[in-house]
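Colleague: Dumping the structure here so I can ask a few things about it.
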Amino acid sequence: MPRRSLAALPLAAALALAACGGPADTNSAQGKAITVWLMDGDLSDKAVAAINTAFEKATGATVTVQVQEWDNINTKISTALAQDSTPDVLEIGNTDVPLFAANGALADLTDHKADLSAGQDWLPGLAGPATVDGKIYAAPLFAGNRAVVYRKSIWAKAGVTTPPTTYAELTADLDKVKAANPDPAFSAFNFPGQYWYGALQFVWDAGGQLATQDGPKWTGALEKPAAQQGLKAWQQFQNTYSGAASRNVDTKAPDQAAMFAQGNTSAILDTSVNTILKDNPSIKDDIGTFPFPGAAPGRTQPVFLGGSDLGIAAKSHNQDLALKYLKTAADPNVQKSAIAGIDGWTPVSTQIIDQVTPSLPPLSAAFFAAAKSSGATPATAGWATVESDKSINTFFADIATGRKSTADAARDFDAHLDQALNASQ
Amino acid sequence: MMINLGTSLKTSPPAAAAMTVAGAEPPPRRRRRPLLPYGLLLPAAAILALTLGYPLLRLVLISLQDYGLRSLFTGVVGWAGTANYIAVLQSPDLTPVLARSIGFCAALVIGTLVIGLGVALLMRQLGRRMRAAVMFALIAAWAIPNVASTLIWQWLFQPVYGVVNWLLTRVGVLGDLTQHDWTTSAFSAFTLVWLLVVWQSVPFVALTLHAGLTQIPRSYYEAAAIDGAGPLRVFTTITLPFLRPILGLVTILSVIWDFTVFNQIWILTQGGPSGRTTTLGIWTFTTAFSKNSFGQGGAIAVVSVVLLIAMTAVYVRRLVRSGETI
Amino acid sequence: MRIARNTAATLFCVVWLFPVYWMVNTAFKPYGDILSTTPRFLPFPFTPANFVDAVTKSGFLRDLGNSVLITAAVVAVAIVVAFLAATALTRFRFPGRRGFLIGVLVVQMVPVPALVIPLFLSLKSVHLLNTFLGLGLTYVALVLPFTIWTLRGFLHGIPVELEEAAMVDGAGRGTVIRRILLPLVLPGIVATSVFAFITAWNDFLFAYVVMKDQSGYTLPVWLVSFSTSTGTDYGGLIAASTLFALPVVVFFALVQRRLVEGMTAGAVKG
């Protein structure tokens, strides 16, 4: 009967699908194997292999690495950790750690802190967000941070031959570059209005904070005089040296690395020069880097430390092995050889940074130097809200475009911070 | 087949007429097997129940709970009663968000339907090659993945380097637009998103309507031509009545999809400048996922479903009835 | 008249194809050229490097295979299931019919972002997370409402007399469905299968959330892998998108034309 066969079709197809099954469950709980989730584009395959080899040598266990994408990663991790068979170890962007730590998704590592850090002073930008209510939920993996990348030849043509070391020198140099390149499509220093990672440096440099904590309560602090001073300095800098069209955009459209590679801007603040070199390999010897100088002489602006921590899923059946994996990754030798040596990422402690700095190629040195003074975002689950709803992008764009005065923008954003940072998630 | 346009077509659409005649007396064999239709519906009903129906119930349940990330990880959930709904209904954002959503939805639906119907009608009139070209354009626009189309949009309209800004400047009517940033005012930001959404949705509407048009027997048009009916009259007496069920369907679906449009707005404007392109889709997302308040996000979703039902009830009823002739 | 129509059609094609053309144009250029203040309308200097980057990126073949498998299954199942449902809805009268039709429309009204978590919880309770079956059923459910309603519309347009006449002539049920109903609803099936295909082929969010393990990812997940924390490989992404869209365009442009042309010579002619 054709009718019956037609009706049977979806069932057959469903069965066929069921027979294909899902992908193999790589997540076996049987002792000697762990699953590690790492983020796409962070550690290179070589660096991961180095960590895994060290781990396998120390424990005899095997590692399965799964690489995850950044797009919607918090939803992905949330749902993965809500399942019964979770990955054992997860790389989590440092500012997102509190979101998972405060909600019971990650194992408490407080008792193992001394063992994990091996006497190192972890960078506050990495360890801060992993510390919620005095307990630590993740160990640092690597840091990435921002330094000024500039085009030597364009600056030389304007009469600048040595990189500036103070803020006053920087603005004087940019004035010269700007005067020498009157094309409206050219920016002396491209600083997109929504680039909050960069703009925060000005706030911290002026002694300001995003928010302050009093007991369990967070309070937005951008209305305070110091923060206001930093915001005004940033607005001034942005409006003076970056093109008018950059005031409401982020770093992606137009893509600032490509703008730099094409010579449409002579300087940007960025985490590495790799993207630029991919866009235009021929300018390799024409690129220089230096840490963004602070307003006070002899200091650099505190940077927003990007980077990742490793956490252990609270539901993982391999807590001990997972802990050993974290220890391996944070180990000073692995940090020196793999994180800094192979990938050029900033290692997780000031001691290791000092040890590796002498042997660095000059282009990387500025990034490492900048990392030694860093700020952190509030270590509370609510911080993820502020990043995710893009209100912080809007806040800085409001100031850059002049849609709101720095005072008004700060008042509105502080109100949002008060609400978001204290919300129970 | 010849028909008298002057009388029969004006009063009753040919499709309905045919169905009424054919279905006036259902054959007895169908009455003897009352279980058969349920058997035919079963696979669809089962799949829908599992992956949409049950989640929908879960959603309503969640909207009454204090459901956040912690609940997701631990399974421990507290009841919120109507707190989520009260928070949503008392929110100062509610009225502006709704007004924006309805206005923007109307602009999208009208734009999509007018262009889509126009293209569908045009395709019936074109030669083989030209029609193939239009078909190709439609499918190509439809097939571009979202991540690419939003990126291309950003490129086309980006200040200083965008080709659209360059072209408009060349045309010269609006002055020098090379430095113009489309996202800095609410109106031009909406325009930017409107162009993208309409560009993406017209293919679906045009192809579906075109498929519907192919079902209209050519003989009706031939008859109309013999009777000397003008194009407008042919459209209102033959095309429109025939097309009504499918046109109604794509209208309702467009309203539903455009009312909660999210991705395009989020990527192009993030709801800015200063929240002035924040529509329901954005609000649901920022509440459910940025604040990780799935309960309150669920409440917004339920409220918007209720609104959609209210807005479309009359139309849905007519649509369901449009086939009530068996 | 004819000239006016062709002009309108040409204008439409130019406007609608422009973004597509711009994507392909960009994909063949060295990426940095996207940022020139005077746009370049032809990809000179021409480079296939972006495409090489794209196809050599890890996961391409695995995710392509998953995508093809899932999409094919979803289209087949959705069409068959919807055709059966539409037959029941148009050829029988039974209690609950209207309710079903309205219910199917209403489930469409839920904003998709709000559905992600409840859907996740539902699949979790029936142990279908991380399976192709769970993901496939999700896509089928997403396309069923439109598919059922559209096929219902098409089946309505077909007089029941036609089937009865054939039955009187001694044709079996199967023959009626195959020889009479199917050819007549073919345009509807084509339109709905394009819809089902593109929905399943283009979805990112559900594929990412439902499939926990990397081995079950589909092509859209591969597409977003060009964006990382250190920047986006836009050249690779745009070339990958071109590769991603191309087979769909070619396949459906061919299928649609042939089927619709064939259809107009069909039996409804009166």
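The values are calculated or read from the model by the stated rules, or taken from the named source; none is laboratory data. Just so you know, these numbers come straight off a predicted model, no measurement behind them. Note that each Cβ is placed from the backbone with ideal geometry, even for glycine, and that neighbours are counted across all protein chains shown. Each accessible area value is taken on the protein alone, full model and side chains, heavy atoms only, with ligands, DNA and RNA left out. Shrake-Rupley method; radii C 1.70, N 1.55, O 1.52, S 1.80 Å.
Colleague: From the C-alpha coordinates alone, can you work out the Kirkwood hydrodynamic radius of the stretch C:99-197, in Å?
Modeller: Every distinct Cα pair counted, the radius reaches 16.0 Å.
Colleague: Cross-link list A:K224/A:K278; A:K284/C:K57; A:K336/C:K57; A:K76/A:K390; A:K113/A:K232: which exceed 31 angstrom alpha carbon to alpha carbon?
Modeller: A:K224/A:K278; A:K113/A:K232
Colleague: What list of ³J(HN,Hα) couplings, whole Hz, do you get for the stretch A:189-205 from phi and the Karplus terms 6.51, -1.76, 1.60, once you set θ to phi - 60° and write x for glycine and proline?
Modeller: Values, residue by residue: 9, 7, 9, x, x, 8, 7, 6, 4, x, 4, 4, 4, 5, 5, 5, 4 Hz.
Colleague: Relative contact order for the stretch B:199-326: what is it in percent, counting Cα pairs under 8 Å that are at least 6 residues apart?
Modeller: Relative contact order here is 19 percent.
Colleague: So what's the back-of-envelope 222 nm ellipticity for chain B, counting only DSSP H runs of four-plus at -39500 (n - 2.57) apiece and dividing by all residues, rounded to 500?
Modeller: Theoretical 222 nm ellipticity from helices: -21500 deg cm²/dmol.
Colleague: Could you report chain C's accessible area per residue, 1.4 Å probe, as an integer in Å²?
Modeller: Accessible surface, normalised per residue, equals 34 Å².
Colleague: Would you mind getting the accessible area per residue of the stretch B:97-326, heavy atoms of the protein chains only, 1.4 Å probe, in Å²?
Modeller: 34
Colleague: With a 10 Å cut-off between alpha carbons and a GNM built on chain B, which of B:P241, B:P273, B:P217 moves the most?
Modeller: Judging by the Gaussian network model, the answer is B:P217.
Colleague: Output the relative contact order of the stretch C:71-160, whole-number percent, from Cα pairs under 8 angstrom with separation of 6+ residues.
Modeller: This gives 60 percent for the stretch C:71-160.
Colleague: Based on the Kirkwood radius over alpha-carbon pairs, what value in µm²/s does the Stokes-Einstein equation return for the translational diffusion coefficient of the stretch C:1-47 at 25 °C and 0.890 mPa s?
Modeller: For the chosen part, D equals 201 µm²/s.
Colleague: If I take every Cα pair under 8 Å that is 6 or more residues apart in chain C, average their sequence separation and divide by the length, what percent do I get for the relative contact order?
Modeller: 30
Colleague: Within the set of other residues whose C-beta is less than 15 Å from the C-beta of A:N248, count the net charge using Lys and Arg as +1 and Asp and Glu as -1.
Modeller: With Lys, Arg at +1 and Asp, Glu at -1, the net is +3.
Colleague: Let me have the 222 nm mean residue ellipticity of chain C computed from DSSP H runs of 4+ only, each contributing -39500 (n - 2.57), with the sum over all residues rounded to the nearest 500.
Modeller: -23500 deg cm²/dmol
Colleague: In peptide C:240-253, what is the residue-averaged number of other protein chain Cβ atoms found within 10 Å of each Cβ?
Modeller: 5
Colleague: With every protein chain kept in the model, how would you rank B:H180, C:H156 by accessible area, 1.4 Å probe, largest at the top?
Modeller: Largest to smallest exposure gives the sequence B:H180, C:H156.
Colleague: How much area per residue is accessible in the stretch A:138-245 when the probe is 1.4 Å and only protein heavy atoms are counted (Å²)?
Modeller: Dividing the accessible area of the stretch A:138-245 by its residue count gives 38 Å².
Colleague: Decide, for the stretch B:30-137, between rounded, prolate and oblate: order the square roots of the alpha carbon gyration tensor eigenvalues as a ≥ b ≥ c, take rounded if a/c falls under 1.5, and otherwise choose prolate if a/b is larger than b/c, else oblate.
Modeller: The shape class here is oblate.
Colleague: I would also like to ask the following. Using the Karplus curve 6.51 cos²θ - 1.76 cosθ + 1.60 with θ = phi - 60°, work out ³J(HN,Hα) for each residue of the stretch A:242-249 in order, rounded to whole Hz, and write x for Gly and Pro.
Modeller: 10, x, 4, 6, 8, 6, 10, 9
Colleague: Hey, what's the Cα Rg ratio for the stretch B:97-326 versus the globular rule of thumb, 2.2 N^0.38 Å?
Modeller: 1.19
Colleague: Nearest 100 Å², what total accessible surface is buried between chain B and chain C (probe 1.4 Å)?
Modeller: Adding both sides of the contact gives about 10100 Å².
Colleague: Within chain B, which complete DSSP H helices have Cα atoms spanning at least 20 Å along the helix axis and a mean Kyte-Doolittle hydropathy of 1.0 or higher?
Modeller: Within chain B the helices that satisfy the rule are B:94-125, B:186-213, B:240-259, B:294-321.
Colleague: What are the residues whose amide H is under 5 Å from the amide H of A:T64, where those residues sit 5 or more places off or on another chain and H is modelled from the backbone?
Modeller: A:I34, A:T35, A:V36
Colleague: Let me ask you something else. Considering only the other residues whose Cβ falls under 9 Å of the Cβ of C:P220, what net charge follows from Lys and Arg at +1 and Asp and Glu at -1?
Modeller: Summing Lys and Arg as +1 and Asp and Glu as -1 gives -2.
Colleague: Short version: ³J(HN,Hα) in whole Hz for each residue of the stretch C:178-193, in order, from phi by Karplus 6.51 cos²θ - 1.76 cosθ + 1.60 (θ = phi - 60°), x for Gly and Pro, what are they?
Modeller: With coefficients 6.51, -1.76 and 1.60, one gets 6, 8, 10, 5, 4, x, 6, 8, 3, x, x, 5, 5, 4, 6, 6 Hz.
Colleague: Search the structure for amide H atoms under 5 Å from the amide H of A:T300, placed 1.01 Å from N in the peptide plane, and list their residues when 5 or more places away or on another chain.
Modeller: For A:T300, the qualifying residues are A:G294.
Colleague: Something else now. Interface size between chain A and chain C, please: total buried accessible area, 1.4 Å probe, rounded to the nearest 100 Å².
Modeller: 4000
Colleague: Working only with C-alpha atoms, what are the Rg and Dmax values of the stretch C:61-269, expressed in angstrom?
Modeller: Looking at the stretch C:61-269, its Cα Rg and Dmax stand at 19.9, 71 Å.
Colleague: Another question, then. Shielding of A:243-253 by partners, i.e. mean partner chain Cβ atoms within 10 Å per residue?
Modeller: Mean partner-chain Cβ count within 10 Å for A:243-253: 6.
Colleague: Within 13 Å, Cβ to Cβ, of C:L105, how many net charges do the neighbouring residues add up to if Lys/Arg are +1 and Asp/Glu are -1?
Modeller: So the surrounding residues net to +4.
Colleague: With angles folded into 0 to 90 degrees, how steeply does helix A:167-180 sit against the dominant principal axis of chain A? Use alpha carbons for both and round to 10.
Modeller: 80
Colleague: Continuing with this model, one more query. Could you look at the protein assembly as shown and say what percent of its accessible area is carbon and sulfur, using a 1.4 Å probe and all protein chains?
Modeller: Carbon-and-sulfur percentage of accessible area, whole number: 62.
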